[in-house]
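Here's the structure we're looking at; comments come further down.
The values are calculated or read from the model by the stated rules, or taken from the named source; none is laboratory data. Keep in mind the model is a prediction, meaning the values are calculated, not measured. Cβ placement follows ideal geometry from the backbone for every residue including glycine, while neighbour counts extend to all protein chains displayed.
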């Protein structure tokens, strides 16, 4: 049977989206960092004994769950057949905001879009189109985001200066609606796109962590 | 010992960032969707037997890993900002109306609540729990709203069909009687007036209540 | 009589009425007429900041129905009551009852949603996403995205969402508050000095907007800043600014032309 501390480590690593340092786990669990290391090693051994499809590994100075290397072929097929194909309308809007308004903080992006941009930014970061480019000098020192060389390359641009200028006028509601319809149609065309009204939210912003207001 | 298929499901769900439909898992594993459901149920049972700090659940039409509810205190210490912000009473009522009556227009929501629903609907839309799902075909083409997959995830439900039937919440006879008493015009004292105290029953059945779980 | 409507969680007229009847366990008809009116007025005042016209009219409607029911009770005998009126009253009452029941139903449904959310909220989802070693495999999500599309997306993000076309429903919310209308009138009226109500509202398309203006006029009249004259029943109202701001006597005609233009 797993101990409370082991279970807590499992729960925390399960919801973390980046490697967690032993020191941080130790703090939350109120045990020593070396005890955390022992516990993680025990968990790892027990997953191995149970022949699980995942493992706890230590990367970049922290612990995280990852898929077992044995199963890479399945994961690869999942990635290829899965729904990661295209950016949703929400992701495209977020990317556009970062491209034109960089450097920009997560909170500023959310303010423009009117919804939390966390999940979308994380995805764009994972894809290498967006990266941290600095810290806001003000209080809080928010992370500032900008676009990468990979994005320019992908768009066939030499520099950000080549981004098409914004229109002088704000488009009328009909234009906006037409644009919106277009973007929606794109989003809906993705495999696994939600035709079900019950799943009408866009896939990216509808992530389960969306509750965080920032 | 875990089967290859079980291990593959574990590996795939480990790298997913949203609930994965049984159909997609079935495609990758080359088994039937019902087999996927069995495998996931077995995994779930084995995590429970091993007293793990996480579980596999089915929400919003797909499977995902999540932390065990027991360990919420640890996870919340880790996430600090408390991701699951609570909704106001007004937002919850509006959400209930949209959930049971969708697709529904803003004006219809307002009519049921007796107060303007604009602000609340906007909040729910920003949270990603409610989205435009279409237009009323009638004159005016009012925007129609429905609930999203993100709401199902937040509720921990697989589909809208799992919502408790609305009929369950129709007030019992005591409440109806109390309301009737409250609104009684004492017409009983007057011959000729429609003094039938059961008139309220007509109102109930003639009212816009709808038991369908829509 | 322990009768209060100043509850902190008040959520509109139905909510208030539900509380009065169910939670407070009072027989509404044992409460004095003035207590009901006072209750409504107090509530209206307490929520003035966020009060929209629709809510206010809903209040008035419910208050009117309650008062009518109550007066009926106080008036003697059925002989002086038209049958049609009597039926209309019952219809109103049944409608109100049906709406209250519906409101209560969804309140309880909301309670169930809350419990479900509280339970589900104790678990947190894994959202880690792909490990780096698989990242290169996923098809390029920017497939087909051009710089122009990026610009269009930004335009869209920066543009206020289009207001839905006017809901033809007569209960379509019109977002004008009486306070806003008062502020407008305080700015306009000193300039024009005198104007008829018909003229003042000639440019307004929505009937609700006219009603809001009317309420604003009454409010200013109550404050003693405006005089209202009416030659006879249904004649146009003549408004004259008398308090604060501009000099109502100086060249009102000129100003009036300006306004009409």
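Can you confirm whether residue B:137 is out of contact with any helix residue (DSSP H, G or I) (no Cβ under 8 Å at 6 or more places or on another chain), in contact (Cβ under 8 Å) with a residue 24 or more places away in the chain and more than 9 Å from chain C (Cβ to nearest Cβ)?
Here the answer is no, as residue B:137 does not meet what is asked.
So which pairs qualify, if the first residue must be in region A:1-17 and more than 7 Å from chain B (Cβ to nearest Cβ) and over 16 Å from residue B:79 (Cα atoms), the second must be modelled with pLDDT under 95 and surrounded by 20 or more Cβ atoms within 10 Å (Cβ to Cβ), the Cβ gap must be under 6 Å, and the two must be at least 6 apart or on different chains?
Taking only residues 6 or more apart or on different chains, the pairs are A:5/A:29.
Of all helices (runs of 4 or more DSSP H) completely enclosed by region B:66-128, which ones contain at least 2 residues that are surrounded by fewer than 19 Cβ atoms within 10 Å (Cβ to Cβ), touching a strand residue (DSSP E or B) at 6+ places or on another chain (Cβ under 6 Å) and more than 8 Å from chain C (Cβ to nearest Cβ)?
none
Of the residues in region A:29-53, how many are surrounded by fewer than 19 Cβ atoms within 10 Å (Cβ to Cβ), touching a strand residue (DSSP E or B) at 6+ places or on another chain (Cβ under 9 Å) and facing another protein chain (nearest Cβ under 8 Å)? Can you show your working first?
Keep residues of region A:29-53 that are surrounded by fewer than 19 Cβ atoms within 10 Å (Cβ to Cβ), which gives A:30-35, A:37-38, A:41-42, A:44-46, A:48-51.
Checking which are touching a strand residue (DSSP E or B) at 6+ places or on another chain (Cβ under 9 Å) leaves us with A:37, A:41, A:44, A:48.
Then keep just the ones that are facing another protein chain (nearest Cβ under 8 Å); that gives none.
Within region A:29-53, residues that are surrounded by fewer than 19 Cβ atoms within 10 Å (Cβ to Cβ), touching a strand residue (DSSP E or B) at 6+ places or on another chain (Cβ under 9 Å) and facing another protein chain (nearest Cβ under 8 Å) number 0.
All but one of (1) in contact (Cβ under 8 Å) with a residue 12 or more places away in the chain; (2) within 25 Å of residue A:7 (Cβ to Cβ) hold for residue B:35; which doesn't?
(2)
Output yes when any residue across region B:142-165 is in a strand (DSSP E or B), at the interface with chain C (Cβ under 8 Å from one of its Cβ atoms) and modelled with pLDDT of 85 or more, and no when none is.
Scanning region B:142-165 turns up at least one residue that is in a strand (DSSP E or B), at the interface with chain C (Cβ under 8 Å from one of its Cβ atoms) and modelled with pLDDT of 85 or more.
Which of the residues belonging to region C:212-226 are under 10 Å from residue C:242 (Cα atoms) and surrounded by fewer than 16 Cβ atoms within 10 Å (Cβ to Cβ)?
Those that are under 10 Å from residue C:242 (Cα atoms) and surrounded by fewer than 16 Cβ atoms within 10 Å (Cβ to Cβ): C:221, C:224.
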